[in-house]
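Read the structure below first, then the notes.
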Amino acid sequence: MTQAIDHPCLPPGKYPALRVVPMPADANVHGDVFGGWIMAQVDLAGSIPAVERAQGRVATVAVNSFLFKHPVFVGDLVSFYADIEKTGRTSITVSVEVYAQRMRHSNEIVKVTEATLTYVATDDSRQPRVLPAI
Ligand SMILES: CC(C)(COP(=O)(O)OP(=O)(O)OC[C@H]1O[C@@H](n2cnc3c(N)ncnc32)[C@H](O)[C@@H]1OP(=O)(O)O)[C@@H](O)C(=O)NCCC(=O)NCCS
């Protein structure tokens, strides 16, 4: 398991679901990373605690909120923190916070994005499945 990263700008005691460095193909000509790339990584990061809770496959049913607070640049080290907010009969709602470490510049860490997504546990026929007891 990835270790919690000890830094005053990062959530204390938590470990990221995902860490990745965007490449030039993920950005426009100015080096600003596409929002769609960030959304894809957020969906992936959020699905990790959802799959663990569902003990099996899930499908994204809704993106409830998505806020791009600051840009992400090529070469940033981007960390995605994902936490389950609530669960229902078949659904799991996850909040994802995204931090970018400006590796090629000042090295500062900036919270760049926050989002909330809902996943549904699904069976082999892609139909909703009741969440297993914890
Ligand atoms: C996910 C899917 C299997 C759910 O099937 P469904 O018949 O619509 O499911 P239901 O209406 O029974 O709802 C299932 C759960 O999702 C929740 N849900 C449905 N729509 C929602 C929405 N807009 N926002 C939040 N939760 C929602 C329901 O409240 C329910 O939760 P609960 O069981 O915990 O109370 C189906 O919608 C699907 O296959 N969607 C496509 C998934 C996909 O391809 N995702 C990738 C993005 S392209």
Inset, instruction - Rounded to the nearest 10 degrees, what's the angle between the helix 35-54 long axis and the longest principal axis of the chain, both from Cα atoms, 0 to 90? - result: 40 degrees
Inset, instruction - First measure r as the distance between the Cβ atoms of A59 and K86, then evaluate 1/(1 + (r/R0)^6) with R0 = 22 Å and state the FRET efficiency to the nearest 0.05. - result: 0.80
Inset, instruction - Using amide H atoms built 1.01 Å from N in the peptide plane, name the residues 5+ places from V74, or on other chains, whose amide H lies under 5 Å from its own. - result: V33
Legend entry - Net length gained if the chain between V20 and D124 were fully extended (0.36 nm per residue, minus Cα distance): 34.4 nm
Legend entry - Rg followed by Dmax, in Å, when the range 65-134 is reduced to its Cα trace: 16.3, 49
Legend entry - Placed amide H near A27: partners under 5 Å, 5+ positions off or other chain: F34
Inset, instruction - Starting from the amide H of F68, placed 1.01 Å from N in the peptide plane, find each other amide H under 5 Å away whose residue is 5 or more places distant or on another chain. - result: none
Inset, instruction - Over the residues of the range 18-121, compute the C-alpha Rg and express it relative to 2.2 N^0.38 Å. - result: 1.11
Inset, instruction - Could you tell me the accessible area of H105 in Å² (1.4 Å probe, neighbours in place), rounded to the nearest ten? - result: 120 Å²
Inset, instruction - Report the label-to-label distance for K69 and E52 in nanometres (one decimal), using points 7 Å from each Cα along the Cα→Cβ vector. - result: 2.3 nm
Inset, instruction - Give me the aspartates and glutamates in straight-line cross-link reach of K86: C-alpha distance below 17 Å, same-chain residues under 8 apart excluded. - result: D43, E52, E97, E114
Inset, instruction - Enumerate the calculated ³J(HN,Hα) couplings along the range 99-112 in order (Karplus 6.51 cos²θ - 1.76 cosθ + 1.60, θ = phi - 60°), each rounded to whole Hz, writing x wherever the residue is Gly or Pro. - result: 10, 10, 9, 7, 4, 8, 10, 7, 6, 5, 10, 10, 6, 9
Inset, instruction - Using a 10 angstrom cutoff on alpha carbons, build the Gaussian network for the chain and name the most mobile of Q55, Q41, Q101. - result: Q55
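The values are calculated or read from the model by the stated rules, or taken from the named source; none is laboratory data. Since the structure is predicted, the reported quantities are computational estimates derived from the model, not experimental observations. Ideal geometry is used to build each Cβ from the backbone, glycine not excepted, and the neighbour counts take in all protein chains shown. Accessible surface areas use protein heavy atoms only, side chains included; no ligands, DNA or RNA. Shrake-Rupley method; radii C 1.70, N 1.55, O 1.52, S 1.80 Å.
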